[in-house]
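Participant: If you scroll down you'll find the structure; I have some questions about it.
The values are calculated or read from the model by the stated rules, or taken from the named source; none is laboratory data. None of these values were measured; they are calculated from a predicted model. For neighbour counting, all protein chains shown are included, and Cβ atoms are generated from backbone atoms with ideal geometry for every residue, glycine included.
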Amino acid sequence: MIAAFKPIIFVAGRIIDDFEQSLNNIDDFQYLLNKNGWVVDNISVSQLELVRNTINISDSVQQIKDLLAQIKSSKDNFNNLWDQIFPIIQNTYQIIDNIVNVSSNSFSFFPFNQPNFWTEFGANLFDTFFSKYLKIESKVLFSVLYLSDIITETTYYPVGDKRIPYIKYKINWSQLGILVTKPQNLINTAYNWDDPSGLNYDKVFSKLNTAINLFGGNSERILIDKSNHERFYLHNTHLSDFGVEQLNINILQYWEPFINNYKELKLNIIPVPKSDLSQTIDGLALQLARAGAYESTFMLSPSFYTSIDSKLGKSDYLLLKVLPDSTQFLTNFSALDFNTEFNFTYLPQPSVLLFGTRATSRLEFMGVDFSLSVLGEYNNPEFIIKIGNGKHVNVPFLNFTFEPSNADNFIQKIIGANPFSLALGGALRWSSKFGFGFEGNTSFSIEIPLKDQRKNKDSSTPIQLETLRIAFATNGENTDLNLGLDFNLNLSVVKASVRNIGLKLRLSDKEGSNGKGIFNNLDFNLGFKFPDGVALEIDAPPVKGGGFLNYDQATSTYTGGLELQFSKISFSAIGIISTKLPGGEKGYSLLVIVSVEFTPLQIGMGFTINGIGGLLGLHRTSNPDVLRAGIRYNTLDHILFPKNIVQNANTIISNLGQAFPARKDQFMLGPMAKIGWGTPTLLTIDIGIVIELPDPVRLIILGILRAQLPSAQNPILQIQVNFLGIIDFKEKYLSFDATLYDSKILTFGLFGDMALRLNWGDRPNFLLSVGGFHPSYTPPPLNLPSMQRLTIVLADEKNLKISVESYFAVTSNSAQFGARVYAMAKAWKIIAEGELWFNVLFQFSPFYFAADMGVKFAIKMGSKTLLGIYVALMLEGPDPWRAQGQAAFKILLVKVKVRFDATFGRQRAEAIEAVKVDDKIKEALMLQDNWEALLPYQNNQMVAWRKEAETEVQSVDPSGAIKISQRVMPLNTVMHKFGSAAISDFNQYKINTTSVRIENMIVPAERVQDYFARSEFSNMTDEEKLSRDGYELFDSGVLVGSNENQSSQYAVHKHSTFEEITMDSGYRRKEDTKFAISEERLKIDSFRGYTTRTGLSRARLRTTSVGPAKIKLSIKEGEFVLANRNNLQQVGGGISFANSMDAERYLQQQKVLSPSTVEHWIIANRYELA
């Protein structure tokens, strides 16, 4: 175990050894003095010998060397560790004490005769050597201590003759405790944070700059730039930004001049005042800015990389102004809400040893994540800074490994000879809303293997102990100490394994509650700890298999699986039961997948049924996004006929939980089948059809197609296609996605994605793509993933890479295709790299054509280009045709570039004959299919409709309305064209009426709208066609009457009248029969009558036992508004438009009437407003 402390012990040894060597060499000693600020260049041998004899440290140095040699040669099997450590510490302090207490009167020569020499020299000696060692050998620890101001590194300017400035190191050992308990106090004191005198930003920048450069980073201090000057100092009457600097940290900076490829990501730190009235610099602004086009993850070095998960554009920035008492957020990003994260990761390869060696007990630094996140709404965002475990570092960042193999026999007898670890995870988190805190539970666990304890015991016992688990965890309210045991049970044909069963001791804080614990506010509870899991294995031919059952107490979830093989029939089942619904609501959810595979059964045409199964979900829903991602990562293999359930239990359960999360009152049911073809089977398809209801109603088709040709033993072609189809009946939406997974022809890998989208609702659209889209085409927002080109990889070695890519896409108004060939060869430091590509885009209406092609080739030595050729051509048209080209050639230092851009041909002319639209619009308005009778919305129908023969006459409910709407052209809109043709008669049609007279009754009328493709009747640029919505709302007709819900009281009060009859004679009136039918018959007929069966009648009988009506969310249609381009605040008096064309027309009118007022007005969607 002492080996774990050897590096720390050897630090003292290295310091003393280096100092002793300098005492034996004149040049080394003079260099040491110069480094401590003394100008000395003429020390003689006799003078050096006098110094050596005066400080008298030879005995202490020799004792330290002997002890270190003994520790180095020992096998850690001696009992008294401190017998070696204490003498080393004592002798080290004795050496320092001897130096400090030397009297300057003992010397007559400079600088040893100076009054303050020995005190200053001795005090600095240990701190200087120790700090420099950390700076070289343990950069992480040095940076932490340096930034927290425990280690200070200052340029000291001594006063006196023959004194020069020098770097002075000081270690404030007393501050180590504050670093652990109150780190914020340490920061406040070090940098004057929250101090009336203002922030010492110069010290902040200096220390950050040193720490960044220590790790090979790139940062620079520059004068504050113009934009930040205008942002923070322009209106401040007390401060001037003259001389104020900002620190720019270059996270990523890459430039490839030959192809003009530039990427940059910077973190800028700016000192800022609290307000325009502040007289001091009070805080810091953190600004993230990017430039260029790049991927979302960058490898900065084998150990450092950064990732971005953001909606930021190329010119957008995020800026956080951090002050002692508040946090402000600034951005030019126009989204209403944020989900942006910048992540910086350090994953050392291998891990950093803080002490110990790889073969002995050790403390290792495994890695750390630093993330900066912006979450929430634009007007009230939350800024989060987190360091520790995160997205990329999912292992504990500190790991202590105890290695007992070199310990004595007594220690090995107790805990065995196998090592075990203690891990520390979690993350320190700062939020602009909630301040500092820890994320995750503060916990550690120890696992002590018990296998070695069984070696000399009777192995015939059915119970075998495996592991002793000791775990400590706290969540801020309770502290748990768990003692668990893993053991195996072997009963010959049946084997069982139980994991972590034992005792749990909970310490609870009762303060603030009415109850009291055993020790006043503290309460102890000791109870039985249920096992985390039980696994079972059966080996009793012909039955083989196994299963598991796990319980997660944190989520109240039971998971289980079973896999059995009986002769040629295999059965598998997996299930998840949660006893809590999302949000902690009471209830349950269930997900079960069952499958059976058997000997193939012939069904004709060479096809066979190889297996059947099913899926059942109660209070479960589907997550389409997870399922779509799953086809890329082969998650469907865990849903359709899963294999090796016991071995892959954790992965299968996790994937199922994400794909089918819990949701109250949502249900799923569907069959599964495994279909094969050929004998033996050459092609199989695993397919499942799942129906989800009631809200939303979805039909989900998921499957895996596998083929191995000509045989499974010697496949030349190996194909696996994972696919997913979803029909959402509520959203009137169909999607189909497919991807190639683990596919190849011979040894060449095959990759690619396919997507189909069809929307038949209010915004009809269509899209089909294999391999993606044209680079300049922006697909509509149809929830498309990032698509991989259809690719064959002919070579993928370190020194040779060859690949061929292609794509094809068809949309409602375009066709696109293209291809790319890439090759790279490397020999020694010489790299040859080439690329050939072409892209073609056809637009149907109006017809437009664009094609580009190019080739580039380069020979490089390292990062320098020796020979390079680049040619790119583009042709678009017609009417006019435009040809563009660029060529570049480079050989060594000679560069030649050529460009051309030519336009020829005539402007686009209307080749199609002008059309008359008057007949078309009148015909559309009179078309019977465009007249629709509408029933009152949610009104109770008290009459039954008799079905009549179809005629041109339509019947309308007296309380309803009739809708007249057409889709030929928009009304109340000036049209520039009709399709691709010009208009020869009228370019605008209106229905000018607010009411309609029917006989003597006035019926109100109002406009109705429908979706039209604006490009069909308005001249738009190619950029506008690609960036605007394909369909927008325009007036299409009128609605005569009203279909709004009409209501009245359930009962109407009626005033009764009566007849008075005087009977004063002997005449007897004959009693009339009250009813022509019996009372019983009347009741039967009334129950069967239409009035009783109406919704109004049934509403009176409905109870509220099902609870209140569900709250349903509605999505408001998008609308266009006028906004100020500088702050995205709405202007123009709150006016809004259903389509962008009306908004543009109104803005043009205002520019004529008041040009200065509308100078900064733009058109925006309402959801883009700030």
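Participant: Please find, among ASP1064, ASP1010, ASP1029, the residue that is within 45 Å of the chain's Cα centre (by Cα) and at pLDDT below 80. Quick ask: steps written out before the conclusion?
Facilitator: Numbers: ASP1064 fails: within 45 Å of the chain's Cα centre (by Cα); ASP1010 fails: at pLDDT below 80.
Being within 45 Å of the chain's Cα centre (by Cα) and at pLDDT below 80 holds for just one of ASP1064, ASP1010, ASP1029, which is ASP1029.
Participant: Ok, one more. Within segment 724-751, which residues are assigned to a loop (DSSP other than H, G, I, E, B) and either β-branched (Val, Ile, Thr) or in the same structural domain as LEU636 (by TED's automatic domain parsing) (or both)? Lay out the reasoning, then the answer.
Facilitator: Of the residues in segment 724-751, the ones assigned to a loop (DSSP other than H, G, I, E, B) are 729-732, 741-742, 746-747.
Within segment 724-751, THR747 is the sole residue that qualifies.
Participant: Another question, then. Read through the list (1) among the acidic types (Asp, Glu); (2) surrounded by fewer than 16 Cβ atoms within 10 Å (Cβ to Cβ); (3) modelled with pLDDT of 80 or more, then give the number of the only condition that ASP532 fails.
Facilitator: (2)
Participant: Across segment 801-834, what is the number of residues that are surrounded by fewer than 17 Cβ atoms within 10 Å (Cβ to Cβ) and charged (D, E, K, R)?
Facilitator: So the answer is 3.
Participant: Can you pull out the helices (runs of 4 or more DSSP H) entirely within segment 1-111 that have at least 1 residues that are surrounded by fewer than 17 Cβ atoms within 10 Å (Cβ to Cβ), modelled with pLDDT of 80 or more and in contact with a helix residue (DSSP H, G or I) (Cβ under 8 Å, 6 or more places away or on another chain)?
Facilitator: On the way: elements: 6-23, 26-35, 45-55, 58-73, 82-100.
Output list reads 26-35, 45-55.
Participant: With segment 842-925 as the region, which strands (runs of 3 or more DSSP E) entirely inside it contain at least 1 residues that are of a type in the set (Asp, Glu)? Full working, then the answer.
Facilitator: Numbers: elements: 848-861, 864-877, 881-891, 894-904.
Ranges flagged: 848-861, 864-877, 894-904.
Participant: Can you pull out the residues in segment 143-165 that are in contact (Cβ under 8 Å) with a residue 60 or more places away in the chain and buried (at least 18 other Cβ atoms within 10 Å of the Cβ)?
Facilitator: If the condition is that a residue be in contact (Cβ under 8 Å) with a residue 60 or more places away in the chain and buried (at least 18 other Cβ atoms within 10 Å of the Cβ), then SER143, TYR146, LEU147 are the ones that fit.
Participant: Would you mention how many residues in segment 124-164 are within 20 Å of VAL39 (Cβ to Cβ) and assigned to a helix (DSSP H, G or I)?
Facilitator: Looking only at that region, the number is 3.
Participant: Sticking with this one: Condition first: over 17 Å from LEU925 (Cβ atoms), among the aromatic types (Phe, Trp, Tyr) and surrounded by fewer than 17 Cβ atoms within 10 Å (Cβ to Cβ). Now tell me which residues in segment 976-1014 satisfy that.
Facilitator: Answer for segment 976-1014, where residues must be over 17 Å from LEU925 (Cβ atoms), among the aromatic types (Phe, Trp, Tyr) and surrounded by fewer than 17 Cβ atoms within 10 Å (Cβ to Cβ): there is none.
Participant: Still on this structure, please answer the following. So which residues in segment 1138-1161 are surrounded by 16 or more Cβ atoms within 10 Å (Cβ to Cβ), of a type in the set (A, V, I, L, M) and farther than 20 Å from SER1036 by Cα, if there are any at all?
Facilitator: If the condition is that a residue be surrounded by 16 or more Cβ atoms within 10 Å (Cβ to Cβ), of a type in the set (A, V, I, L, M) and farther than 20 Å from SER1036 by Cα, then LEU1147, VAL1158 are the ones that fit.
Participant: Is it true that LEU549 is assigned to a strand (DSSP E or B) and touching a residue at least 24 places away in the same chain (Cβ under 8 Å)? If you could, list the steps in order and put the result at the bottom.
Facilitator: On the way: assigned to a strand (DSSP E or B): yes; touching a residue at least 24 places away in the same chain (Cβ under 8 Å): no.
Considered against the rule, which asks whether it is assigned to a strand (DSSP E or B) and touching a residue at least 24 places away in the same chain (Cβ under 8 Å), LEU549 comes out as no.
Participant: Let me ask something else about it. Which residues, counting only those in segment 558-582, are free of Cβ contacts under 8 Å to residues at least 40 places away in the same chain, polar (S, T, N, Q) and within 23 Å of GLY617 (Cβ to Cβ)?
Facilitator: The one that is free of Cβ contacts under 8 Å to residues at least 40 places away in the same chain, polar (S, T, N, Q) and within 23 Å of GLY617 (Cβ to Cβ): THR579.
A quick yes/no check of all residues on (1) modelled with pLDDT of 75 or more; (2) assigned by TED's automatic domain parsing to the domain that holds GLY583; (3) crowded, with 16+ Cβ neighbours inside 10 Å; (4) within 21 Å of ILE653 (Cβ to Cβ):
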| residue | (1), (2), (3), (4) |
| --- | --- |
| GLU466 | yes, no, yes, no |
| LEU489 | yes, no, no, no |
| ALA540 | yes, yes, no, no |
| THR559 | yes, yes, yes, yes |
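Participant: Let me ask something additional. Scan (1) in contact (Cβ under 8 Å) with a residue 12 or more places away in the chain; (2) more than 20 Å from GLU49 (Cβ to Cβ) for the single condition SER103 breaks and write down its number.
Facilitator: (2)
Participant: How many residues, within segment 313-356, are over 30 Å from PRO271 (Cβ atoms) and at pLDDT 70 or above?
Facilitator: Qualifying residue count, segment 313-356: 8.
Participant: Considering only residues that are aromatic (Phe, Trp, Tyr) and in contact (Cβ under 8 Å) with a residue 24 or more places away in the chain, look in segment 605-650 and name the one that is surrounded by the fewest Cβ atoms within 10 Å (Cβ to Cβ). Steps first, please.
Facilitator: Quick first cut of segment 605-650, residues aromatic (Phe, Trp, Tyr) only: 607, 633, 641.
If we keep only those that are in contact (Cβ under 8 Å) with a residue 24 or more places away in the chain as well, we get 607, 641.
On the way: PHE607: 16, PHE641: 24.
Going through the qualifying residues, I end up with PHE607.
Participant: Evaluate segment 927-940: report whether one residue or more is at pLDDT 85 or above, farther than 22 Å from TYR848 by Cβ and in a loop (DSSP other than H, G, I, E, B).
Facilitator: The answer is yes; a qualifying residue exists.
Participant: Just to be sure before I move on: is ILE685 out of contact with any Asp or Glu (no Cβ under 9 Å at 6 or more places or on another chain), closer than 30 Å to GLY584 by Cβ and β-branched (Val, Ile, Thr) in the structure I sent? Talk me through it step by step, then tell me what you get.
Facilitator: Numbers: out of contact with any Asp or Glu (no Cβ under 9 Å at 6 or more places or on another chain): yes; closer than 30 Å to GLY584 by Cβ: no; β-branched (Val, Ile, Thr): yes.
Judged against the criteria, ILE685 is not a match.
Participant: Right, here's the next one. Can you give me the ranges of the helices (runs of 4 or more DSSP H) entirely in segment 172-256 with at least 2 residues that are modelled with pLDDT of 80 or more, more than 32 Å from the chain's Cα centre (by Cα) and on the phi > 0 side of the Ramachandran plot? Show your work before the answer.
Facilitator: Details: elements: 176-181, 183-191, 201-214, 226-232.
The helices (runs of 4 or more DSSP H) meeting that bar number zero.
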